[in-house]
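The values are calculated or read from the model by the stated rules, or taken from the named source; none is laboratory data. Since we're looking at a predicted model, the values are computed, not measured. All Cβ positions, even for glycine, are placed from backbone atoms using ideal geometry, and neighbour counts span all protein chains on display.
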Amino acid sequence: MREIEIFIDGAAKGNPGPAGIGVVICQSGVTIKNIHKYIGKATNNVAEYTALIYGLKECISMGADSIKINTDSQLLCRQINGIYKIKNANLMQLYNQVLLLSSAFKKMTIEHIRRDKNTGADKLANKAVKEARKKPVL
């Protein structure tokens with residue numbers, strides 16, 4: 001069984017505002033891939049879900065059977081685990097994508113972690129926003 005652990009984060013400068021995602025993918029405690037991407041204007045919660053979707057897609061392409069997701073978003077974690085209801089239509093669409101993607105894994109867990117345990121994904125998400133802001137407008 002190929003087990004992969006991911007750390008995810010979304011950043012929005014303003015809520016909504018320019019947003020980015022960060023994903024750190026690890027296997028056996030070693031980082032094997034980092035992803036950062038600017039996603040345009042979004043809320044922080046949309047950015048968090050988008051980071052999760054990118055992470056899941058990457059793990060599927062890597063052939064993962066089992067995935068452990070770490071997030072500092074309590075809302076995301078509790079919605080995915082069925083503790084909180086999803087009232088926002090945009091988040092419901094993203095949640096449904098997560099459910100579809102999660103069916104590719106034999107086992108998937110999601111855990112809420114402290115922010116100081118998620119610095120790698122946080123830095124990547126913020127890097128995506130900073131790089132987008134530096135690009136010249138044509």
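Looking at LYS33, LYS57, LYS85, LYS13 in this structure, which one is loosely packed, with under 13 Cβ neighbours inside 10 Å and touching a helix residue (DSSP H, G or I) at 6+ places or on another chain (Cβ under 9 Å)? Walk me through how you get there before you give the answer.
Working: LYS33 fails: loosely packed, with under 13 Cβ neighbours inside 10 Å; LYS57 fails: loosely packed, with under 13 Cβ neighbours inside 10 Å; LYS13 fails: loosely packed, with under 13 Cβ neighbours inside 10 Å.
Going through LYS33, LYS57, LYS85, LYS13 in turn, the sole match is LYS85.
Under 6 Å by Cβ, and 6 or more places apart or on different chains, what pairs join a residue from the stretch 1-14 that is at pLDDT 95 or above with one that is of a type in the set (Ser, Thr, Tyr)?
Pairs that qualify, where the first residue is at pLDDT 95 or above and the partner is of a type in the set (Ser, Thr, Tyr), are ILE8/THR71; ALA12/THR43.
What number of residues within the stretch 34-49 satisfy the criterion of being within 15 Å of ALA121 (Cα to Cα), among the hydroxyl-bearing types (Ser, Thr, Tyr) and outside any helix (DSSP H, G or I)?
1
Could you check, for the stretch 102-112, whether at least one of its residues is modelled with pLDDT of 95 or more and over 19 Å from GLU3 (Cα atoms)? Reasoning before the result, please.
If we filter the stretch 102-112 for residues that are modelled with pLDDT of 95 or more, which is where we start, we get 102-112.
Remaining after also requiring over 19 Å from GLU3 (Cα atoms): none.
No: zero hits.
Run ILE67 past the list (1) surrounded by fewer than 18 Cβ atoms within 10 Å (Cβ to Cβ); (2) touching a strand residue (DSSP E or B) at 6+ places or on another chain (Cβ under 9 Å); (3) within 19 Å of ILE4 (Cβ to Cβ) and report the number of the one that doesn't hold.
Failed condition: (1).
So how many residues does the stretch 86-138 have that are charged (D, E, K, R) and more than 20 Å from VAL24 (Cβ to Cβ)? First the steps, then the outcome.
Here is the first cut: in the stretch 86-138, the residues charged (D, E, K, R) are 87, 106-107, 111, 114-117, 122-123, 127, 130-131, 133-135.
Add one more test, that the residue is more than 20 Å from VAL24 (Cβ to Cβ), and what stays is 87, 106, 133-135.
Residues in the stretch 86-138 being charged (D, E, K, R) and more than 20 Å from VAL24 (Cβ to Cβ): 5 in total.
Pairs needed: first member in the stretch 68-91, closer than 10 Å to ILE113 by Cα and modelled with pLDDT of 95 or more; second member anywhere, among the hydrophobic types (A, V, I, L, M, F, W, C) and in a helix (DSSP H, G or I); C-beta distance under 6 Å; at least 6 residues apart or different chains.
Taking only residues 6 or more apart or on different chains, the pairs are THR71/CYS77.
Kindly establish whether THR50 is free of Cβ contacts under 8 Å to residues at least 60 places away in the same chain and touching a strand residue (DSSP E or B) at 6+ places or on another chain (Cβ under 6 Å). Quick ask: steps written out before the conclusion?
Numbers: free of Cβ contacts under 8 Å to residues at least 60 places away in the same chain: yes; touching a strand residue (DSSP E or B) at 6+ places or on another chain (Cβ under 6 Å): yes.
Spelling it out, THR50 is indeed free of Cβ contacts under 8 Å to residues at least 60 places away in the same chain and touching a strand residue (DSSP E or B) at 6+ places or on another chain (Cβ under 6 Å).
Which residue is surrounded by the most Cβ atoms within 10 Å (Cβ to Cβ), if the candidates are limited to the stretch 1-10 and must be in a strand (DSSP E or B) and either of a type in the set (A, V, I, L, M) or more than 14 Å from the chain's Cα centre (by Cα) (or both)? Reasoning before the result, please.
If we filter the stretch 1-10 for residues that are in a strand (DSSP E or B), which is where we start, we get 3-10.
Cutting the leftovers down to either of a type in the set (A, V, I, L, M) or more than 14 Å from the chain's Cα centre (by Cα) (or both) gives us 3-4, 6, 8.
On the way: GLU3: 14, ILE4: 22, ILE6: 25, ILE8: 32.
Only one residue tops the list, namely ILE8.
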